[in-house]
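Encoded as structure tokens, the structure appears first; notes follow it.
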Amino acid sequence: MTVHGGIAPAIAADVRRGELLEWWTLFWMSSVIVLMWLTMGASQAMKSAVIDKIVPAEYRDPDGDESGISMRARVSYASNDRAKQDAITYEELADPKWKGKICIRSGQHIYNNALFAAYVAHHGEAKAEEWLRGLKANLAQKPSGGDREAARDVAAGKCDIGIGNTYYWALMMNKDPDKKPWAEATKVILPTFAGGGTHVNLSGLLLAKHAPNRANGIKLIEWLAGEHAQQIYADANYEYPIRDGVAINPTIASYGKLKADTLPVTRIGASRKAASTLVDKVGFDN
Ligand SMILES: [Fe+2]
């Protein structure tokens, strides 16, 4: 088994050229939509009745080539002192009442790309553009840093709302004493799309087209979706389990009950490019 930490652009380029396929069995990545895009034509159907039964259809591709394996929600880290609301919609992030009060990382980062793509899928490109312009106008500063820095900047009083993934807050609170004050200054609010749920991004797996160890690859994917591995995911990296019957980590559960948006990952993937183009068009990162 060969393990690469992350998928470097060089590996991605090899994958797109169709190289490396002879000896890869699985690709495992923190974003299913990027996985689908990078490896177009490089995968094969798992044909796993176990995965089909465990993983909800909206978190798999219909051909069975990719499957989500854990979920994280894209949420707001709201200032305990200055943000009075306990609920918020993604649409509302563009409301002028938040002018100069929101901090977020680059609009081209995969986590924001997936969120913005979900917005496009929900509302269409024209409305998404309007929303992105509104969100951009509400930023306290140029998009920068990562999700943890969004909490840092809320704690420092630079903004009232930071946008980040659920597990970063839990990691700061429980496993990173230096950054614990950033988490302590904020509360996690699970935003929802108007009439929908909370956007989740998926870490997921793909079975390589020429997998030399196909059967074992499928076994590993099935094990990862099993109760034991899902509990490890839930507690070690504060992920939402992809399946029922696994306890959500108490810190994650403290955010409130997740009502995950049901937009299929394939529809989000199909809007990925449009979202990226809009980010450039509105000068989101400038
Ligand atoms: Fe991450």
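Over the chain, DSSP H runs of length four or greater, each weighted -39,500 (n - 2.57), average out per residue to a 222 nm ellipticity of -11500 deg cm²/dmol. Here the label points at Asp86 and Lys259, each 7 Å from Cα along the C-beta direction, are separated by 1.5 nm in the simple model.
Across the chain, Cα-Cα distances exceeding 24 Å account for 50% of all pairs. Ordering Val188, Val265 from the fewest to the most neighbouring beta carbons within 10 Å gives Val188, Val265. The stretch between Asn286 and Ala270 holds 3.2 nm of extra length on full extension. This uses 0.36 nm per residue minus the Cα-Cα distance. Residues Ser48, Ser254 in ascending order of nearby Cβ atoms (within 10 Å, fewest first): Ser254, Ser48. Treating r as the C-beta distance of Lys209 and Ala156 and R0 as 30 Å, the FRET efficiency rounds to 0.05. In terms of surrounding Cβ atoms within a 10 Å radius of their Cβ, His123, His228 rank from fewest to most as His228, His123.
In this calculation the C-beta distance from Ile110 to Gln141 is compared with R0 = 30 Å, giving a FRET efficiency of 0.90. Each Lys and Arg Cβ is given +1 and each Asp and Glu Cβ -1; about its Cα centre, the chain then shows a dipole of about 420 debye.
Throughout, read-outs are computed from the coordinates displayed, never taken from laboratory work. This is a predicted model, so every value here is computed, not measured. Positions of Cβ are generated from backbone atoms using ideal geometry, with glycine treated the same way; all protein chains shown enter the neighbour counts.
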